[in-house]
1. Roughly how many nanometres apart are two label points built 7 Å out from the Cα toward the Cβ at residue B:35 and residue B:109?
2. Got a sec to turn the phi values of region A:89-104 into Karplus ³J(HN,Hα) couplings, 6.51 cos²θ - 1.76 cosθ + 1.60 with θ = phi - 60°, whole Hz, x for Gly and Pro?
3. Within a 10 angstrom radius of the beta carbon, how do A:158, A:61 rank from fewest other beta carbons to most?
4. Would you please calculate the Kirkwood hydrodynamic radius of the protein assembly as shown over all C-alpha pairs and express it in Å, rounded to one decimal?
5. Let me know the Kirkwood hydrodynamic radius for region A:23-148, please, with Cα pairs as the basis and the value in Å to one decimal.
6. In sequence order, what are the phi-derived ³J(HN,Hα) couplings for region A:133-138 according to the Karplus relation 6.51 cos²θ - 1.76 cosθ + 1.60 with θ = phi - 60°, rounded to whole Hz, with x for glycine and proline?
7. Considering chain A as a Gaussian network with a 10 Å cut-off on Cα pairs, which listed residue, A:173, A:22, A:88, attains the greatest mean-square fluctuation?
8. Just rank B:46, A:196, fewest to most, by other beta-carbon atoms within 10 angstrom.
Amino acid sequence: MPPAETIAAHGPAEHGYTSTGLNTTKIAIWTFIGSECFFFGSLISTFLVYKHRSVVGPCPHPEILAATHQACRGILNIPVTSASTFVLLMSSLFMVLALAAVQRGDRKYSKIWLAATALAGTTFLGFQAFEFTSFVREGLTIKTNLFGSTFFILTGFHGAHVTAGVIWLITMLFIDFKRGLGPRDEINVDIMALYWHFVDVVWIIIFTFVYLIP
Amino acid sequence: MAAESVHPAQPHAVADAHAAGHEHPTWHTYWKVALILTIITALEVWIYYTPLKETRVFGPLLILLSISKFAIVVMFYMHLKYDAKLFRALFVGPLSVAVLVVFSLLFLFGQLIIHLR
C-alpha cells in the first residue's frame, strides 16, 4: 500500500488515478476487454458446436452432409479473407505508430497514422461487405442453415466492433485536426488503441477457427 | 506508455508497471512484430494449400500459429508485457475462463475431437 501521506497529498481519485496508482480509464478498458473475451468466446463456441451440423448447403468447406449424405459445396473464399486479415494486422501496426506519434507530440505523423488505421479498418469492412454480399448471392443467408446463422452472427458482431473502432478513430482524427493531439491525450489514444488491437486479436482467432480449419 | 497510466506519486505502482524492466517497444520493435505477424499469416495460408491439410497435425499446427499471433499482439502492441500486473490479470483471468468455457462446450457437444483432428 502507498504511504498515507501520499494518498493525502494526491487523493486517490485525483486526475483519474485510483489508490492502486493506476489510471481508472485504463482499468475500465481492460475490464471491458475482459468481458469481451466472454462475449466472443460464446459466439466462437456456438459456431464450433454447430459446425458440420447443417442439413442443407452451402458449407464453409467442401464436405459430405452428415444428415443427408449429400455433397455440400464450400463457400469460404480464403484468398480474399487472407488479404483482409493482412489489412487488419497492418492496421494494428499503424495504430501503435499513431500512439507513439501522439506520445512524442508529433502532430503530423499522429494524423497520418490515425488516418492510415481508419483507412485500413474501412478496407477490412469493405472486404467483409464484399464477402457477405457474395455469400447472399450464392444462396447463404442468416436463415439458410446453422452455418449461415452462426457465421453471420459471429463475423457480423466482429464487423460491428470494427465499425465502432473506425468511428472512434475518425472522431480522434477530427480532434487531432481541430486542436491537435499531444502527450496530454495519451490515455485517450491508448484506450482506443487497446480496443483496436483487441478487435484484431479476435479476428486472428476467427480466421483460424472459422476460415482455415475445415 | 505504461508509465503514463500509473500515478507518479505511487512508486509501488510504477515499480509494478515496470516489473519487466525499463524497456519499451521501439519503432523497430513494432515493425519487426508486424513482419513476424505477416510471416505467420502467410505460413498459415500456405499450410492450408499444402497436403498437410489432410494430416492430423493440420488443426493443432494452425491453432499453435494462431495462439502465437494472439500472444505477440497482446504482449507488444497492447503492451501487456510492459504494463502493470493488474491489467494482465484483468485480461488473462476472463480469457482463461472463456477458453475453458469454449473447450467445455465442445467437449459436451462431442465436437472436440473433430476440431483437433
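1. In this crude spin-label approximation the distance works out to 4.2 nm.
2. 5, 5, 5, 5, 4, 4, 5, 5, 5, 5, 4, 4, 5, 5, 4, 9
3. Working: A:158 21, A:61 18.
Ordered from fewest to most neighbouring Cβ atoms within 10 Å, A:158, A:61 come out as A:61, A:158.
4. Details: mean 1/r = 0.0471 Å⁻¹.
This gives a value of 21.2 Å.
5. On the way: mean 1/r = 0.0567 Å⁻¹.
Hydrodynamic radius (Kirkwood, Cα pairs) of region A:23-148 is 17.6 Å.
6. These are the phi-based 3J(HN,Hα) values: 5, 5, 5, 4, 4, 8 Hz.
7. A:22
8. Numbers: B:46 11, A:196 30.
Lowest count first: B:46, A:196.
Here, each number is a calculation from the coordinates, and none is a lab measurement. Values in this document were obtained by computation on a predicted structure and should not be read as measured data. Positions of Cβ are generated from backbone atoms using ideal geometry, with glycine treated the same way; all protein chains shown enter the neighbour counts.
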